[in-house]
Amino acid sequence: MLDSAESYTTEDGRTIGPVVMEMKNITLRFGGVVAIQDISFDIREGEIRAIIGPNGAGKSSMLNVISGFYNPQEGDVFYKGKKRPPMKPYQVARQGIARTFQNIALFEGMSVLDNVMTGRIRQMNASLFAQSIWKCEAEREEVANREVVEKVIDFLEIQHIRKTPVGRLPYGLKKRVELARALAAEPSILLLDEPMAGMNVEEKEDMSRFILDMNDEFGTTIALIEHDMGVVMDLSDRVVVMDYGKKIGDGTPDEVRNNQAVIDAYLGVAHD
Ligand SMILES: Nc1ncnc2c1ncn2[C@@H]1O[C@H](COP(=O)(O)OP(=O)(O)O)[C@@H](O)[C@H]1O
Ligand SMILES: [Mg+2]
């Protein structure tokens, strides 16, 4: 077994670094419902880590714990080797962790460009007061933020719709705009909750390519929830399998695919 501080090189030549995030014995309850039951797993730097499992397994809840949306009743989250105290989502975001949502959460009336700009809020430091006095500083910040946003828009190939109100876009493109907004924050960890749900084959292929390129070019660590097993097997370095709030498998796509508990609970049954 690889030590948590060690790195390794994948078959396709990417470097996977030491453990950057560790979930230790996490339990999360909603009243009587145990959404997550004593789950431990880690995420390595530069890794594409998938979380899979049937509906209601607790996958979104797990991403919500990582993003600070929920604080678990039991267990600890370690980030870069340090135990993380209970945090608000904005505090987690400040640490360089960005996310997308299972249900698209964009400003429908705003243009693609403006939506992606909102991903830079964390980087906008100049207060209104400061802006009124040190106009130059605020302008310099605005220019720098624009540069990042334009780079992301180019990268995700959405130049042609930059002025379009998001509400007018087809579903697949909305998902891509949401990804752009998250990427605009220049996160070190990106959490994607079903980035390909509801997409057609071609849109899924595009999204897969963007996820791989992002990981490759910017070294972004990615944790994603995905239902399409083909996509998961192609994309991910390691997979956590959840079922009824419990972890029933954890390993490489091959290991998980051959794990009987996983086959029984997940692969053998149909899902929407
Ligand atoms: N905010 C909430 N309040 C009450 N129950 C919740 C809440 N969020 C999730 N749950 C419950 O927790 C369980 C896991 O849900 P979820 O994490 O959304 O699963 P998944 O993303 O794997 O489909 C489900 O039984 C769900 O009904
Ligand atoms: Mg979910």
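The values are calculated or read from the model by the stated rules, or taken from the named source; none is laboratory data. Because the structure is predicted, anything quoted here is derived from the model rather than measured. Methodologically, a virtual Cβ is constructed for each residue, glycine included, from the backbone with ideal geometry; neighbour enumeration extends over all protein chains shown.
One table, with the values for the structure above:
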read-out	value
Residue list for segment 187-205, filter: free of Cβ contacts under 8 Å to residues at least 40 places away in the same chain and either more than 16 Å from ligand 1 (Cβ to nearest atom) or part of a helix (DSSP H, G or I) (or both)	MET199, ASN200, VAL201, GLU202, GLU203, LYS204, GLU205
Selection count where residues are over 21 Å from LEU173 (Cβ atoms) and either in a helix (DSSP H, G or I) or more than 16 Å from ligand 2 (Cβ to nearest atom) (or both), scope segment 221-230	3
Within segment 12-40, tally of residues that are of a type in the set (S, T, N, Q) and closer than 16 Å to ASN215 by Cα	1
Among (1) of a type in the set (Gly, Ala, Ser); (2) within 14 Å of ARG238 (Cβ to Cβ); (3) more than 16 Å from ligand 2 (Cβ to nearest atom) - the single one GLY81 does not satisfy	(2)
Unique match (being of a type in the set (Phe, Trp, Tyr), touching a strand residue (DSSP E or B) at 6+ places or on another chain (Cβ under 7 Å), outside any helix (DSSP H, G or I) and away from ligand 1 (no atom under 16 Å from the Cβ)) among PHE78, PHE41, PHE107	PHE78
One residue from ILE26, ILE52 being surrounded by 23 or more Cβ atoms within 10 Å (Cβ to Cβ) and without any contact (Cβ under 8 Å) to a residue 60 or more places away in the chain	ILE26
Any hit, segment 231-243, residues being among the basic types (Lys, Arg), under 17 Å from GLY172 (Cβ atoms) and at pLDDT 90 or above	no
Filter result for the condition that a residue is in the same structural domain as MET242 (by TED's automatic domain parsing), away from ligand 1 (no atom under 16 Å from the Cβ), outside any loop (DSSP other than H, G, I, E, B) and modelled with pLDDT under 95, over GLN91, GLN131	GLN91
